[in-house]
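**Student:** Okay, handing you the structure first.
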Amino acid sequence: MPDVDTVRNWQGSTMVDRDGDRIGNIDAIYVDDQTGEPEWALVNTGIFGTRSTFVPIAQASAHRDQVQVPYEKQLIKDAPNMDPDGHLSEQEEQELWRHYGLEYGEHRSDSGLPAGTAEDTRDDTVGRDTSGPTTDDAMTRSEEELRVGTQSRERGRVRLRKYVTTETQQVTVPVQREEVRVEREPITDANLDDATSGPAISEEEHEVTLHEEEAVVEKRVVPRERVRLDKDTVTDERQVSEEVRKEQIQVDDDQAGYRDDVDPDRR
């Protein structure tokens with residue numbers, strides 16, 4: 001376990017989980033009330049660091065400006081939400097130890113900020129925000145305000161896939177064929193010799209070969225177009241709502257017998 005002087009220097013450092021994923025910045029170190037040993041780190045988590053989470057640091061180790069703990073980031077994010085008021089009760093500690101799967105011994109006591117820190121609740125200050133012997137005559141009024149931002153997340157996936165379909169195409173093709181035709185010509189002086197060159201009377205046979213064209217189908221692959229996926233960024237508007245708390249200050253005058261609320265909007 002690191003000593004308290006070493007752990008003090010961890011404030012402001014970045015805490016990472018066992019895989020090296022960033023958790024948040026260390027805001028404060030809580031030590032055991034009896035032993036003074038450092039036990040918890042208060043880490044600012046969330047998008048803007050608006051959530052505070054307690055993480056045990058008994059097995060933490062520092063590497064340059066980072067502090068690594070042997071826990072998963074999701075386990076830390078799911079830790080019970082404790083009010084970071086500078087002190088953890090035994091009941092709160094037991095709940096945290098159970099969450100992290102650690103044993104809570106009978107000898108353990110409450111934990112809080114080391115003596116001398118800004119939020120130490122074991123000094124002589126009367127209350128946390130009220131006037132008393134160690135404070136001035138002013139009272140601080142605070143209120144929560146919404147800090148809204150955006151973060152990127154995966155919305156879905158689109159795949160470009162190619163598949164084959166079959167369709168029937170009909171194409172009209174002109175084809176030619178030969179047909180027989182009988183031609184008769186009279187005997188003239190021009191063809192007399194050809195007509196009388198053979199026997200006077202005989203049997204004879206002539207054969208003519210006829211031809212025709214037939215449709216022949218041949219297929220070849222032809223590139224038609226190129227298709228790709230691209231992305232466009234579209235901006236929409238979303239309305240978010242959340243409850244915010246604000247402190248109100250009331251003036252009680254026992255002698256005058258009246259009570260008045262101090263309206264912050266009334267100047």
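**Student:** Between G24 and residues 5 or more places away or on another chain, which pairs have amide H atoms under 5 Å apart, with H built 1.01 Å from N, and which residues are they?
**Tutor:** Sorted by chain and number, the residues that satisfy this are M15.
**Student:** Mind checking which lysines have their C-alpha under 26 Å from K162, skipping anything on the same chain fewer than 8 residues away?
**Tutor:** K219, K231
**Student:** Moving on. From the phi angles alone, apply the Karplus equation (6.51, -1.76, 1.60; θ = phi - 60°) to the range 72-77 and give each ³J(HN,Hα) in whole Hz, x where the residue is Gly or Pro.
**Tutor:** Per residue, the Karplus-derived 3J(HN,Hα) values read 6, 4, 5, 4, 5, 5 Hz.
**Student:** Please list 3J(HN,Hα) in residue order for the range 7-14, calculated via the Karplus relation 6.51 cos²θ - 1.76 cosθ + 1.60 where θ = phi - 60°; whole Hz, with x for glycine and proline.
**Tutor:** Computed from phi, the couplings for the range 7-14 are 5, 4, 6, 7, 4, x, 6, 8 Hz.
**Student:** Per residue, how much accessible surface does the range 31-86 expose to a 1.4 Å probe? Answer in Å², no decimals.
**Tutor:** Per residue, the range 31-86 has 50 Å² of solvent-accessible surface.
**Student:** What per residue convex hull volume, in Å³, do the alpha-carbon atoms of the range 1-76 yield?
**Tutor:** In the range 1-76, the Cα hull volume divided by residue count equals 81 Å³.
**Student:** Less than 14 Å from a label point 7 Å out along the Cα-to-Cβ axis of V175: which backbone N atoms in the range 202-233 qualify, by residue?
**Tutor:** Flagged as within label range: 211-218.
**Student:** Report ³J(HN,Hα) in whole Hz for each residue of the range 156-162, in order, from the Karplus equation J = 6.51 cos²θ - 1.76 cosθ + 1.60 where θ = phi - 60°; Gly and Pro get x.
**Tutor:** My calculation for the range 156-162 gives x, 10, 10, 10, 9, 10, 10 Hz in order.
The values are calculated or read from the model by the stated rules, or taken from the named source; none is laboratory data. Note that the structure is a prediction, hence the values are computed from the model and not measured. No Cβ is skipped: glycine too gets one built from the backbone with ideal geometry, and neighbour counts run over all protein chains shown. For accessibility, only protein heavy atoms count, side chains too; no ligands or nucleic acids. Shrake-Rupley method; radii C 1.70, N 1.55, O 1.52, S 1.80 Å.
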